[in-house]
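Here's the structure, in structure tokens; my notes come after.
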Amino acid sequence: MMGAGLFLSVIFSGDVMASVAANQVFAPWNDPKETPLIEFRGVTKRFGDFTAIDDLSINIYEKEFFALLGPSGCGKTTMMRMLAGFETPTEGEIILAGQDIAPVPPNKRAVNMMFQSYALFPHLSIEDNIAFGLKREGMPKNDIADRVAEMLRLTRLEKFARRKPHQISGGQKQRVALARSLAKAPKLLLLDEPLGALDKKLRQDTQFELMDIQEKTGTTFVIVTHDQEEAMTVASRVAVMDHGKLMQVATPDRLYENPENVYVADFIGDVNLIEGTARKTGEGSYEINWCERTPPLKSTSDTVLSSGQGCTIAIRPEKVSISSEKPEEADNAVQGKIIDIAYLGNLSTYHVKLANGQMVKAQTANTRRISRRSFTWDDDVWLSWTATAGVLLKG
Amino acid sequence: MKYTLLNATAALALTATGALAQEVRVYNWSDYIDEDLLTQFEEETGYDLIYDVFDSNELLETKMLAGGSGYDVVVPSATFLQRQISVGAFQPLDYDMLPNASNLWDDISDRTDQYDPDSEYSVNYMWGTTGIGYNIGKVEEALGEDAPVDSWALVFDPANMAKLAECGVYFLDAPTEMIPAALNYIGEDPDSHDPEVIAKAESVFAGVRPYIQKFHSSEYINALANGDICVAVGWSGDVFQAQYSADEADNGQEIDYSIPVEGAQMWFDQMAIPEDAPNPEGAHAFINFILDAENSAAATNYVWYASGNFAAQQYIDPEILDYPAVYPDEETLANLFTTRPYDARVQRVVTRLWTKIKSGT
Amino acid sequence: MKRLLIAVPYFWLLALFLVPFLIVFKISLSDVALARPPYFPQWQFEEGWSALTDYLRALDFENFWFLSTDDLYWKAYLSSLRIAVVATFFTLLVGFPIAYGMARAPLEWRPTLMMLVILPFWTSFLIRVYAWIGILSGEGYLNQFLMWLGVIQDPLIILNTNVAVYIGIVYTYLPFMILPIYSALEKLDESLLEAAEDLGCSRFTAFWLVTFPLSKQGIIAGCFLVFIPTIGEFVIPSLLGGSSTLMIGKVLWEEFFNNRDWPVASAVAVVLLLILIIPIILFQRNEQKNREAEG
């Protein structure tokens, strides 16, 4: 767990330290002088009538831990398989280290993949699995032994070297798969739902371990996952995909705080979405009419909207305050009735129904014991938030 | 009331046994009867006839030696019959039930006496010879007009066989037919049971072995008829069957059969009743039915083998009756030889020799 | 109840293997005789114990000794082994690609393909072997076809040669080879091959290093299922083989039918079984290993 703190700091350093020293921050995507390791240029992939990837462009930089996030069928696995060489783009090109990789077969690419099923060779021992790729390279025997030992050490599998895959646990298999795919020291490592088969506790530990290993080896990781928590935890940047299109590419915090569209806002974390029409009141500030006979909501926004344009306010539940009296000086305050309370231990989420039927969630930290909770079911309460709390999105 | 019940039971019992008794099971060689005779037998006698066929004496013999075959009438060749009699496989015939036995041909019965003295266990069904079937045109093409088609030299002289190999020669895969023929060809006793004499047959086959396309006991019928081969050592009736097929097909192949002048083996297929036959009465009825002059003639007219039935001759097709290859003349008949069954020790020598001749091992 | 269930396969083994084998073995110890049945001595239950000891004393291993005195027998065993090995190899050569194709076929086709493999069993084995005579003979379909193509001028002589025997065996036993290999290949996770390619294998080396070793159990099972019955095969060599095709099945037939020597025939059968027991045990081991690996 020591590693966890370390990596969290690495991951979030982008934001934490941004104001301090921009040149020390790991954010090559912000540096126009950096050349990306991987470039997708207008890539489209069709299977018959079905378009899996739709005119997609994306840059991934060296040493990044890049996550492709989306529901199943969004095209993220197809992207990964194109990188590995198991699929070829129908249109567009994929550049790896300045070279178009379309004509390069999978076995000639400096890319390795960790399969969702791990795809360990059942007839080979753990060490032979790890040595498999090295032997294909024609590496001298001694070097292979050293490299395998190194990989076993890295993944803490020394004790299991001579076992067969069916003789070890799921978590151990996962580490063997990782060790095997890292053994060849690829420029790029692809991880297809690497933690999908593990139970939750083990998954969390392994997430940090993955980050640890990524850091130690300095390899560029591209991970495919449908689990947003996993993506947010491990990745330096996350690409949210839907129906073969890129919805947003950003660091986890930006993705959460500044979703660019309703899809991303809704997909990442918990959110209240309130639809309405915008009216510009000043530079970057708007009033949104969302319900008749109720005052408009105030919101600031970087997104430029014209008056009368349809829009959606996205507000995270933890940014909504709950009180029994109407709060003074709040930018936005609405009244409603508590319909449901979700007790999460450290937090409670209140599901509040407004007069027009709109449900809004508010989250508070449980700083007091439950018996002394201020609100209960069917209480009439006020919900309030500041003009900067929400994000104003088009549509 | 009591009376009726008793009657009913008796009637029931009668039908039960009657149903069993009505079945007659016959085991004969394949393609060896005019099948119209089978339905005719059922109509005349009221028995249900179950007619099965076999194609080798060995198969029949194994059933006879094991016992419990379930057949009422079987038709082994005389040499095999003799051995089977000695192990008690057959029951003596009841001549009171075979009035048609008077139709039998004494000349044939005299010859079968060596296998079954006084026809105690069997009567002759048909008889024939083992000779040479050939394609007239193809043999002439290979060997010229003077081809020795009436001599064993045709198939045992390597000079002739070398020329015939091109058009194809089959031998019977039956050592008890082929080895006596070879011994006869080199002037030895064809019926010798002396292993040293029998061994002499090897050299006869060794000379011609490379020219023999196949050893088989039935395929030669079709092969001759189609013109795939030009010569086959085979059984008279089989060759006639090939001749008939070729005529029917009108394929330009002209087949004939010859009994070599050196002599040929004469064999007899005998009807007999297994010792454990379920229905001896039915068996006698079937034999008696076949011994009927007209029925016997019908069978011969169909399969072209000579009948052991003298009275039948008046009904036999003159074409067959006057064909010396089927009914040999006195001179040829005198030249025919018969063989006796080998005992186990000699049989082993013969089988082993035959394997060596065929496979070289 | 559970014991009863365990007893069933043992009863099966006893009734269908051990008892018949003991009968054959007993006959192999007796002497040929002109009698019904044609061997000696016999013992009837009602003759009692003293007769039994006389009976047992009369049994001996003479027939096995006899088998060693004539080179025919060991030559026939060797020749059968050779034919079985060669035929098994060719069956594998033909069967593996078929099994591979089936396992790689779209899922919805597989039941149909499986059906097609099993379909020939619906016709009598004898008829199917006979059909090959029509195909392979001098004027058969194969020669007609090749001559029509102009590949050959004169008909090939295939029928009545060992080549025809191999063709017959490969054809007849092909399903026994395909099915176990197919079931091994079907279980093979496609991602293993992708992983192998990803780690630097060409398609061919991936096949050789992954597909082949993982289908090994199926290959071994298939080979035994073909090899074991082929050694004793009688019908195929007698219908398609030539006079010089030497196989122990034919020798057995001749001992039994031509020589009427049931004791020697039984001895041949017992020795054949002893020869087969080695591959049968190996096969069982392989199966067990298979189950353990899966378990």
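The values are calculated or read from the model by the stated rules, or taken from the named source; none is laboratory data. Keep in mind that what you see is a predicted model, and the values were worked out from it rather than measured. Ideal geometry is used to build each Cβ from the backbone, glycine not excepted, and the neighbour counts take in all protein chains shown.
Restricting attention to the range B:75-91, and to residues there that are touching a strand residue (DSSP E or B) at 6+ places or on another chain (Cβ under 9 Å) and not in a helix (DSSP H, G or I), which single residue is surrounded by the fewest Cβ atoms within 10 Å (Cβ to Cβ)?
B:Gln91
Which members of the range A:251-273 meet the condition of being in a helix (DSSP H, G or I) and either surrounded by 19 or more Cβ atoms within 10 Å (Cβ to Cβ) or not basic (Lys, Arg) (or both)? Working first, answer last.
Within the range A:251-273, the first condition is being in a helix (DSSP H, G or I), and the residues that meet it are A:252-257, A:262-267.
Residues satisfying the conditions are A:Pro252, A:Asp253, A:Leu255, A:Tyr256, A:Glu257, A:Val262, A:Tyr263, A:Val264, A:Ala265, A:Asp266, A:Phe267.
Just the residues that are of a type outside the set (S, T, N, Q) and either farther than 27 Å from A:Gln214 by Cβ or in contact with a Leu (Cβ under 9 Å, 6 or more places away or on another chain) (or both), please, taken from the range A:53-64.
A:Asp54, A:Asp55, A:Leu56, A:Ile58, A:Ile60, A:Tyr61, A:Glu62, A:Lys63, A:Glu64
C:Lys216: under 18 Å from the mean Cα position of the chain (by Cα) and within 12 Å of another protein chain (Cβ to nearest Cβ), yes or no?
Criteria not met by C:Lys216.
Any idea which of (1) away from chain C (no Cβ under 14 Å); (2) touching a helix residue (DSSP H, G or I) at 6+ places or on another chain (Cβ under 8 Å); (3) in contact (Cβ under 8 Å) with a residue 60 or more places away in the chain; (4) surrounded by fewer than 22 Cβ atoms within 10 Å (Cβ to Cβ) is the one B:Val346 doesn't satisfy?
Here B:Val346 meets the rest and fails (1).
Only one of A:Phe121, A:Phe132 is crowded, with 19+ Cβ neighbours inside 10 Å and outside any helix (DSSP H, G or I). Can you tell me which?
The conditions single out A:Phe121.
List pairs: first in the range C:126-139 and closer than 19 Å to C:Ile152 by Cα, second among the hydroxyl-bearing types (Ser, Thr, Tyr) and part of a helix (DSSP H, G or I), Cβ under 6 Å, 6+ apart or cross-chain?
C:Ile135/C:Tyr141
If a residue has to be part of a helix (DSSP H, G or I), in contact with a helix residue (DSSP H, G or I) (Cβ under 7 Å, 6 or more places away or on another chain) and small (Gly, Ala, Ser) to count, how many in the range A:136-192 make the cut?
Summing the residues that are part of a helix (DSSP H, G or I), in contact with a helix residue (DSSP H, G or I) (Cβ under 7 Å, 6 or more places away or on another chain) and small (Gly, Ala, Ser) in the range A:136-192 gives 3.
Cβ-Cβ below 9 Å, separation at least six or inter-chain, first residue in the range B:109-134 and surrounded by fewer than 18 Cβ atoms within 10 Å (Cβ to Cβ), second in a loop (DSSP other than H, G, I, E, B) and modelled with pLDDT of 95 or more: which pairs?
B:Glu120/B:Pro92; B:Glu120/B:Leu93
Would you mind finding the one in A:Leu273, A:Leu246 that is within 19 Å of A:Thr78 (Cβ to Cβ), over 11 Å from the mean Cα position of the chain (by Cα) and not acidic (Asp, Glu)?
Of the residues listed, the single one that is within 19 Å of A:Thr78 (Cβ to Cβ), over 11 Å from the mean Cα position of the chain (by Cα) and not acidic (Asp, Glu) is A:Leu246.
Condition first: surrounded by fewer than 23 Cβ atoms within 10 Å (Cβ to Cβ) and within 17 Å of the chain's Cα centre (by Cα). Now tell me which residues in the range B:300-316 satisfy that.
Of everything in the range B:300-316, those that are surrounded by fewer than 23 Cβ atoms within 10 Å (Cβ to Cβ) and within 17 Å of the chain's Cα centre (by Cα) turn out to be B:Asn301, B:Tyr302, B:Val303.
In the range B:127-139, is there at least one residue being over 24 Å from B:Gln241 (Cβ atoms) and not polar (S, T, N, Q)?
Taking the range B:127-139 as the starting set, the residues that turn out to be over 24 Å from B:Gln241 (Cβ atoms) are none.
For the range B:127-139, residues over 24 Å from B:Gln241 (Cβ atoms) and not polar (S, T, N, Q): absent.
Answer yes or no as to whether B:Gln40 is farther than 19 Å from C:Pro38 by Cα and either part of a loop (DSSP other than H, G, I, E, B) or in contact with a helix residue (DSSP H, G or I) (Cβ under 9 Å, 6 or more places away or on another chain) (or both).
Spelling it out, B:Gln40 is indeed farther than 19 Å from C:Pro38 by Cα and either part of a loop (DSSP other than H, G, I, E, B) or in contact with a helix residue (DSSP H, G or I) (Cβ under 9 Å, 6 or more places away or on another chain) (or both).
Among the hydrophobic types (A, V, I, L, M, F, W, C) and under 18 Å from C:Ala267 (Cβ atoms) - does that describe any residue in the range C:37-53?
There is at least one residue in the range C:37-53 that is among the hydrophobic types (A, V, I, L, M, F, W, C) and under 18 Å from C:Ala267 (Cβ atoms).
Considering the range A:102-129 alone, what residues qualify as being under 26 Å from the mean Cα position of the chain (by Cα) and more than 10 Å from chain C (Cβ to nearest Cβ)?
Within the range A:102-129, A:Ala110 is the sole residue that qualifies.
So which of A:Arg136, A:Arg175 is of a type in the set (Lys, Arg) and more than 9 Å from chain C (Cβ to nearest Cβ)?
Selected residue: A:Arg175, the only one of A:Arg136, A:Arg175 that is of a type in the set (Lys, Arg) and more than 9 Å from chain C (Cβ to nearest Cβ).
Say whether the condition of being more than 23 Å from C:Cys223 (Cβ to Cβ), out of contact with any Asp or Glu (no Cβ under 9 Å at 6 or more places or on another chain) and either part of a loop (DSSP other than H, G, I, E, B) or of a type in the set (Val, Ile, Thr) (or both) is met by at least one residue in the range C:91-101. Full working, then the answer.
First, the residues of the range C:91-101 that are more than 23 Å from C:Cys223 (Cβ to Cβ): none.
No, because not a single residue in the range C:91-101 is more than 23 Å from C:Cys223 (Cβ to Cβ), out of contact with any Asp or Glu (no Cβ under 9 Å at 6 or more places or on another chain) and either part of a loop (DSSP other than H, G, I, E, B) or of a type in the set (Val, Ile, Thr) (or both).
Restricting attention to the range C:140-170, and to residues there that are in a loop (DSSP other than H, G, I, E, B) and without any contact (Cβ under 8 Å) to a residue 12 or more places away in the chain, which single residue is farthest from C:Ser79 (Cα to Cα)?
Among them, the one singled out is C:Gly150.
What number of residues within the range C:258-293 satisfy the criterion of being among the acidic types (Asp, Glu) and free of Cβ contacts under 8 Å to residues at least 12 places away in the same chain? Please lay out each step first, then the result.
So in the range C:258-293, the residues among the acidic types (Asp, Glu) come out as C:261, C:287, C:292.
Next, from what is left, pick out any that are free of Cβ contacts under 8 Å to residues at least 12 places away in the same chain: C:292.
Of the residues in the range C:258-293, 1 are among the acidic types (Asp, Glu) and free of Cβ contacts under 8 Å to residues at least 12 places away in the same chain.
Quick one: which of C:Ser244, C:Ser238 is within 20 Å of the chain's Cα centre (by Cα), facing another protein chain (nearest Cβ under 10 Å) and not aromatic (Phe, Trp, Tyr)?
C:Ser238
Restricting attention to the range C:248-257, report how many residues are under 22 Å from C:Leu126 (Cα atoms) and either facing chain B (nearest Cβ under 10 Å) or in contact with a His (Cβ under 6 Å, 6 or more places away or on another chain) (or both).
Qualifying residue count, the range C:248-257: 6.
Considering only the range C:86-106, I want to know if a residue exists there that is modelled with pLDDT of 90 or more, of a type in the set (Ser, Thr, Tyr) and more than 27 Å from C:Thr161 (Cα to Cα).
Yes, the range C:86-106 contains a residue that is modelled with pLDDT of 90 or more, of a type in the set (Ser, Thr, Tyr) and more than 27 Å from C:Thr161 (Cα to Cα).
Would you pick out the residues in the range A:288-335 that are free of Cβ contacts under 8 Å to residues at least 12 places away in the same chain and under 22 Å from A:Lys361 (Cβ atoms)?
Passing the criteria: only A:Pro295.
Does the range C:237-295 hold any residues that are part of a loop (DSSP other than H, G, I, E, B) and either among the small types (Gly, Ala, Ser) or touching an Asp or Glu at 6+ places or on another chain (Cβ under 6 Å) (or both), and which are they?
C:Gly241, C:Gly242, C:Ser243, C:Ser244, C:Asp261, C:Gly295
Any residue in the range B:122-141 that is under 20 Å from B:Ile290 (Cα atoms), modelled with pLDDT of 95 or more and not in a strand (DSSP E or B)?
The answer is no, given that none of the residues of the range B:122-141 is under 20 Å from B:Ile290 (Cα atoms), modelled with pLDDT of 95 or more and not in a strand (DSSP E or B).
Taking the condition crowded, with 17+ Cβ neighbours inside 10 Å, assigned by TED's automatic domain parsing to the domain that holds B:Glu140, of a type in the set (Phe, Trp, Tyr) and touching a residue at least 60 places away in the same chain (Cβ under 8 Å), does B:Trp354 pass?
yes
Any idea which residue in the range A:331-371 is farthest from A:Glu292 (Cα to Cα), counting only those that are in contact with a Leu (Cβ under 9 Å, 6 or more places away or on another chain) and of a type in the set (A, V, I, L, M)?
Among those residues, the one meeting the criterion is A:Ala365.
Residues that are over 16 Å from B:Ile136 (Cα atoms): find the helices (runs of 4 or more DSSP H) completely inside the range B:167-282 holding 2 or more of those.
Values: elements: B:175-185, B:195-199, B:201-208, B:220-226, B:236-249.
So the answer is B:175-185, B:195-199, B:201-208, B:236-249.
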